[in-house]
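K.L.:
Following this message is one structure expressed as structure tokens.
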Amino acid sequence: MRVQRLDHRSAPEVTDAVDLSRIESLIEKYRGRKGSTIPLLQGAQDEYGYIPREVFNHLALRCGIELSEMYGVATFYAQFRLQPVGRYIIKVCHGTACHVQNANKITDALVEALGVADGETTEDRLFTLESVACLGCCSLAPVMMIGEETFGKLTGPEAVKIVKNIRIKENEARGEDAPSI
Amino acid sequence: MKPGERMPRQSEPMEKTKVIVGLGSCGIAAGAGKTYEKIRQLRESEGLDFELKKTSCVGMCYREPLVEVIDESGTYLYGEIDEARAIELIDKHIVNKEPVRELVVQSDLFDTPDQEFLGSQVKIALRNCGYIDPESIEEYESRQGYASIRKIAEDGISREQVIRTVLDSGLRGRGGGGFPTGLKWRFAFNAVSPEKYIICNADEGDPGAFMDRSLLEGDPHSVLEGMIIGAYAIGATGGVIYCRAEYPLAIKRLRIALNQARAKGYLGQDILGLPGFHFDIYIKEGAGAFVCGEETALIASVEGERGMPRKRPPFPAEAGLWGKPTNINNVETWANIPWIISHGPEAYARYGTEKSKGTKVFALAGKIKRSGLVEVPMGITLRDVIFKLGGGIQKDRKFKAVQMGGPSGGCIPEHLADTIVDYDSVNATGAIMGSGGMVVMDETTCMVDVAKFFLDFTQKESCGKCTFCRIGTKRMLEILIRITEGQGREGDIEKLEVLAQEIKNNSLCGLGQTAPNPVLTTLRYFRDEYEAHIRDKKCPAKVCKQLLTYTIDPEKCTGCMVCAKKCPVQCISGERKQVHFIDQEACIACGECFSRCRFDAVIVN
């Protein structure tokens, strides 16, 4: 069982202002329809990248779904995130084919390079590192996906290099010197 | 006309040369999008006259990106066409009319080494994949698409007759269960209710399987037509496709297909003039839970709840979605239906064995030369699939085992490679047919590690309802972790066996009942590997890091100091140009020195 809880003691308070009007049309579309908890949460996550606390409260209020029920659903499925994510989500495939082709090495290398554990986001909110079950490109194993782009037949150092290049580009765009990762 | 003389060419103008790029998920991952764009640019900039088209996956994942050229001389399927090769290809084949033979993987004009891959296949479910543009209903129709539902409407074939045809074909559920499809339909048909539902299970969660994704991406209409026929047969009023959210391309193409089918009257009111046959389908995106592949959990998820299975009976055929009679079949099962209706049950039952008829699609992956998607008749041996179609093991290493059925299945060892592919023969080995993932393993794969991998997966995916599944899998995983870390104890194997039986006997759904299978089959066939880990603290396949020792071969070491610099715990000593030495006490067996050494001087044991 995946255990996913918000740790209220140690989790840093997220102070992003949440603009609730962004999900108004979503609410209009699904309100009153039976079985719409999952599409509502999916829609909200599409909008914000994760499901902020305020959104849970708002949806409960507007759609009449129990808060506990919604939280139950959100923590049951792997797709839902309760914490903000980085601009780039690095999905390292850990399907069977990737596993036998040493996907662990890719994750290990990225964990070391980014300084975050699997499932966490870097402090600058640029990258979130995730392990996923199967991306379905088994013939290119081991594979990782960043945004829409898939990278296949990787080694640890190659994966790190790809991520490093993204960070350099991002920093250039912001006019900063590239820190080493 | 004299014998041997060729027919004179028709005077009508030759069709335009076609260039078709394979744009399935795997092709795109391999760079097919860039290839397509390059060819499009070349056509514009050079003012070339050919038709550029898109198709989906033909199954040759190991040769992606694939580009097919069809001209007046014949068909040429080119493999591994990146941007640079696309330029070469267009220049030689299109401009100068000289096919680039060394890049051709298949042609109707001459033999190629890849011929074996396609030669033994019988394509029924995948009949259109890689041959049509999946976003065009006209192309589907041009290959007998929607002809089966038309035939039913025009010939007035009764609902009972449709069910009888499916029953006679011997088709069994392709999602893994293997339950006779016709029988399932009959149960739903017999249930009396003004509302009934049809569900397509496209929640392909098994890591290492991608058949359903390819089918949905490559030929969505065949799945829709199957569902429409099923809806007619059981009298369904609504349909749902429950598809993994991780398959965005499949969902996009399904949406397009649904709109096209509605516009052409294959969905909606009084479909094809069949009185009272109203039916429509909508897509429900799954949110990532393996257990939702189980029927009752899937239904709970469609209803917007946590996807937890409930006990059966009542079966979905009596009380399923919203408490109404519901029939659930998997993607591949649905894709077979139109073919069975148009070709007849005998044609389908001609393939296969006594109890397993027809064909099965497999996703070949792992340490195999030609990975990809194959559709083979039931009854073929595993050896033929792996060595004939798959071309054998990468780097010509020794074949060790093939994993079938994913987390619910097991590892079939080399000495059982002549097992034939049918439900009962595969079950006899302790594995299951499953949805069709075949992951090939060689001598460098550790079977304890594989068992641990699957258990880690099922442990996380257990919904938590049944104690034995929730806690038992966790305890089993802990034992496997300690074995692979060199902390294995006498009695661990027996403890695993006891736990496995308890979990199997005391879990409500298929996930728990089959979760121990990967452990049980590896214990059955590779017990010595477990023993080596526990007693000798050795990993024979040299995978489990903590059990390996790294030493430096004084003959090969050049004293370049790379390993010493890279060692995270500074346990390698030695001067420049002197033989280095690893302090075994301090070594954490991370393997960094081994992967860095350019002189093969680091020995792993």
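The values are calculated or read from the model by the stated rules, or taken from the named source; none is laboratory data. Here the structure is a predicted model, which is why all the values come from computation and not from measurement. Note that each Cβ is placed from the backbone with ideal geometry, even for glycine, and that neighbours are counted across all protein chains shown. Ligands, DNA and RNA are stripped out before the accessible areas are found, and what is left, the full protein with its side chains, is counted by its heavy atoms. Shrake-Rupley method; radii C 1.70, N 1.55, O 1.52, S 1.80 Å.
K.L.:
Counting only other residues whose beta carbon sits under 11 Å from that of B:GLY352, what net charge do I get with K and R as +1, D and E as -1?
P.N.:
For residues surrounding B:GLY352, the net value is +3.
K.L.:
What is the Cα centroid distance between segment A:20-68 and segment B:31-89, reported in whole angstrom?
P.N.:
44 Å
K.L.:
Also, I was wondering about something else. Within 10 Å of each Cβ of A:104-111, how many other protein chain Cβ atoms are there on average?
P.N.:
Partner-chain Cβ atoms within 10 Å, mean over residues of A:104-111: 1.
K.L.:
If you don't mind, there's one more thing I want to ask. Per-residue Cβ counts within 10 Å, from other chains only, averaged over A:125-136: what number is that?
P.N.:
The shielding value for this peptide is 5.
K.L.:
Shifting gears a bit: Can you work out the FRET efficiency for the pair B:LEU272 and A:ALA60, with r the C-beta to C-beta distance and R0 = 41 Å, to the nearest 0.05?
P.N.:
0.35
K.L.:
Right, another one. So which lysines can B:LYS504 reach, going by Cα to Cα under 23 Å and dropping same-chain residues fewer than 8 places off?
P.N.:
Within reach: B:LYS311, B:LYS452, B:LYS460, B:LYS465, B:LYS474, B:LYS495.
K.L.:
Using only Cα atoms, find the angle between the long axis of helix A:103-114 and the longest principal axis of chain A, and express it within 0 to 90 degrees, rounded to the nearest 10.
P.N.:
On a 0 to 90 degree scale, this one is about 80.
K.L.:
Find how much the distance from B:ARG596 to B:GLU485 grows on full extension, using 0.36 nm per residue of separation minus their present alpha carbon separation; answer in nm with one decimal.
P.N.:
Gain in length upon complete extension: 37.6 nm.
K.L.:
Okay, moving on. How much of B:TRP322 can a 1.4 Å solvent probe reach, expressed as accessible area in Å² and rounded to 10?
P.N.:
For B:TRP322, the solvent-accessible surface is approximately 70 Å².
K.L.:
Under unit Cβ charges (Lys, Arg +1; Asp, Glu -1), what dipole magnitude, rounded to 20 debye, does segment B:51-192 have relative to its Cα centre?
P.N.:
It comes to approximately 1200 debye.
K.L.:
Let me ask another. Grab the beta carbon distance between A:GLU24 and A:LEU67, set R0 = 25 Å, and tell me the FRET efficiency rounded to 0.05.
P.N.:
Rounded to the nearest 0.05, the efficiency is 0.80.
K.L.:
Rank A:TYR30, A:VAL163, A:MET145 by how far each Cα sits towards the positive end of the charge dipole of chain A (+1 on Lys, Arg Cβ; -1 on Asp, Glu Cβ) and give me just the farthest.
P.N.:
So the residue furthest toward the plus end is A:TYR30.
K.L.:
How big is the accessible area of B:ARG127 in square angstrom, nearest 10, if you roll a 1.4 angstrom probe over the protein chains?
P.N.:
40 Å²
K.L.:
For segment A:20-76, what does the accessible surface come to per residue with a 1.4 Å probe? Please give it in Å².
P.N.:
In whole numbers, segment A:20-76 has 48 Å² accessible per residue.
K.L.:
Using a 1.4 Å probe on protein heavy atoms, which residues of segment B:22-36 have at least 40 Å² less accessible area in the complex than alone?
P.N.:
Correct list: B:ALA29.
K.L.:
Here's a follow-up. What distance in nm lies between label points placed 7 Å from Cα along the C-beta direction at A:LYS169 and A:ALA117?
P.N.:
Reported label-point gap for A:LYS169 and A:ALA117 is 3.1 nm.
K.L.:
B:LYS97: which lysines have alpha carbons under 21 Å from its alpha carbon, excluding same-chain residues fewer than 8 sequence positions away?
P.N.:
Candidates past the 8-residue exclusion: B:LYS16, B:LYS18, B:LYS38, B:LYS53.
K.L.:
Given a 1.4 Å probe, show me the residues in segment A:22-46 buried by at least 50 Å² of accessible surface when comparing the whole protein assembly to the chain alone.
P.N.:
So the qualifying set is A:LYS34, A:GLY35, A:ILE38.
K.L.:
Defining a contact as two alpha carbons under 8 Å apart and six or more residues distant in sequence, what relative contact order in percent does chain A show?
P.N.:
Taking the mean separation of contacting Cα pairs over the length of chain A, I get 17 percent.
K.L.:
Of the options B:VAL579, B:HIS93, B:HIS533, report the single residue whose Cα projects farthest towards the positive end of the charge dipole of the protein assembly as shown (beta-carbon charges: Lys, Arg +1; Asp, Glu -1).
P.N.:
Ranked along the dipole, the leading option is B:HIS533.
K.L.:
How large is the helix-only mean residue ellipticity at 222 nm for chain A, computed as the sum of -39500 (n - 2.57) over DSSP H runs with n ≥ 4, divided by its residue count, in deg cm²/dmol to the nearest 500?
P.N.:
-12500 deg cm²/dmol
K.L.:
Continuing with the same structure: If you place +1 on the Cβ of every Lys and Arg, -1 on the Cβ of every Asp and Glu, and leave all else neutral, what size is the dipole of segment B:167-324 about its Cα centre, to the nearest 20 Debye?
P.N.:
140 debye
K.L.:
Using +1 at the Cβ of each Lys and Arg and -1 at the Cβ of each Asp and Glu in chain B, identify which of B:LEU373, B:PRO220, B:CYS292 lies farthest towards the dipole's positive end.
P.N.:
The one lying farthest along the dipole's positive direction is B:CYS292.
K.L.:
Let me ask something else. Please give me, ordered by residue number, the trypsin sites (Lys or Arg not before Pro) of segment B:457-492 that lie in loop per DSSP and have at most 14 other Cβ atoms within 10 Å.
P.N.:
Answer in residue order: B:ARG489.
K.L.:
Sort B:VAL95, A:VAL18, B:VAL104 by accessible area with a 1.4 Å probe, largest first.
P.N.:
Of B:VAL95, A:VAL18, B:VAL104, the descending order of accessible area is B:VAL95, A:VAL18, B:VAL104.
K.L.:
Would you work out the charge dipole size for segment A:70-181 about its Cα centre, treating the Cβ of every Lys and Arg as +1 and the Cβ of every Asp and Glu as -1, and quote it to the nearest 20 debye?
P.N.:
Charge dipole, segment A:70-181, about its Cα centre: 240 debye, nearest 20.
K.L.:
To make sure I understand the rule: partners must be lysines, Cα under 16 Å from the Cα of B:LYS123, and not fewer than 8 residues away in the same chain. Which ones qualify?
P.N.:
B:LYS357, B:LYS360
K.L.:
Apply 1/(1 + (r/R0)^6) to the Cβ-Cβ distance of B:ARG524 and B:ARG143, taking R0 = 45 Å, and write down the FRET efficiency to the nearest 0.05.
P.N.:
0.50
K.L.:
Please figure out what share of the DSSP beta bridges in the protein assembly as shown is antiparallel and state it in percent, rounded to the nearest 5.
P.N.:
55 percent
K.L.:
What is the percent carbon and sulfur in the accessible area of the protein assembly as shown, measuring with a 1.4 Å probe over the protein chains and ignoring ligands?
P.N.:
That fraction is 49 percent.
K.L.:
Looking at chain B, what % of its DSSP beta bridges pair antiparallel, to the nearest 5?
P.N.:
Once the DSSP bridges in chain B are tallied, antiparallel ones form about 60 percent.
K.L.:
Per residue of chain B, what 222 nm ellipticity follows from adding -39500 (n - 2.57) for every DSSP H run with n ≥ 4, rounded to the nearest 500?
P.N.:
-10000 deg cm²/dmol
K.L.:
Using 0.36 nm per residue of separation minus the Cα-Cα distance, give me the extension gain between B:GLU15 and B:ASP424 in nm, one decimal.
P.N.:
142.3 nm
K.L.:
So, counting K/R as plus one and D/E as minus one, what does the shell of residues with Cβ under 13 Å around B:THR181 add up to?
P.N.:
For residues surrounding B:THR181, the net value is +4.
K.L.:
Could you work out how far apart the two model spin labels at B:GLU46 and B:ILE471 are, taking each label as a point 7 Å from the Cα in the direction of the beta carbon, and quote it in nm?
P.N.:
7.0 nm
K.L.:
Shifting gears a bit: Between B:ARG535 and B:GLN161, 0.36 nm times their residue separation minus their Cα-Cα distance comes to what?
P.N.:
Contour length minus Cα-Cα distance gives 128.4 nm.
K.L.:
How much of the DSSP beta bridge set in segment B:359-442 is antiparallel, as a percent to the nearest 5?
P.N.:
Percent antiparallel among DSSP bridges in segment B:359-442 is about 80.
K.L.:
Beta carbons within 10 angstrom, averaged per residue: use that to sort the peptides B:299-305, B:390-396, highest first.
P.N.:
B:299-305, B:390-396
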